[in-house]
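The values are calculated or read from the model by the stated rules, or taken from the named source; none is laboratory data. None of the values given here were measured: they were computed from a predicted structure. FYI the Cβ positions are ideal-geometry reconstructions off the backbone, even for glycines, and counts take in every protein chain you see.
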Amino acid sequence: MYSMFSEYRDIVTIEELQEMLRIGRSKAYQLLRNGSIKAFHNGRIWMIPKQSVIDFVLGQCG
């Protein structure tokens, strides 16, 4: 079975988020800050669950 973003680990970086959605750095941070993509900080590092990215993408389809 095909899995969306299967080449990425369960927690992705801001750079990987940009690749996944083909967006720039500013837009990526905007999506994280406004809660469109659920994530958390580990110090200054964003920890972004891959499932949150998938949920965001699927939510845009409806």
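In contact with a strand residue (DSSP E or B) (Cβ under 6 Å, 6 or more places away or on another chain), among the β-branched types (Val, Ile, Thr) and in contact (Cβ under 8 Å) with a residue 24 or more places away in the chain: does that describe residue 54? The answer is no for residue 54.
Taking only the range 21-50 into account, find how many residues are surrounded by 10 or more Cβ atoms within 10 Å (Cβ to Cβ) and either of a type outside the set (S, T, N, Q) or at pLDDT below 95 (or both). Final tally of qualifying residues: 20. Scanning the range 27-52 for residues being over 12 Å from the mean Cα position of the chain (by Cα) and in a strand (DSSP E or B) gives a total of 3.
Condition (residue is farther than 12 Å from residue 51 by Cβ, aliphatic (A, V, I, L, M), surrounded by 11 or more Cβ atoms within 10 Å (Cβ to Cβ) and modelled with pLDDT of 95 or more) applied to the range 2-13: is it met by at least one residue? Before you say what the answer is, go through the steps one by one.
To start, the set of residues in the range 2-13 that are farther than 12 Å from residue 51 by Cβ comprises 2, 6-7, 13.
When the remaining residues are screened for being aliphatic (A, V, I, L, M), the result is none.
No, because not a single residue in the range 2-13 is farther than 12 Å from residue 51 by Cβ, aliphatic (A, V, I, L, M), surrounded by 11 or more Cβ atoms within 10 Å (Cβ to Cβ) and modelled with pLDDT of 95 or more.
Of the residues making up the range 1-26, just one is assigned to a loop (DSSP other than H, G, I, E, B) and touching a Pro at 6+ places or on another chain (Cβ under 8 Å), namely 10.
Note on the range 37-62: residues that are more than 14 Å from residue 18 (Cα to Cα) and not small (Gly, Ala, Ser) amount to 11.
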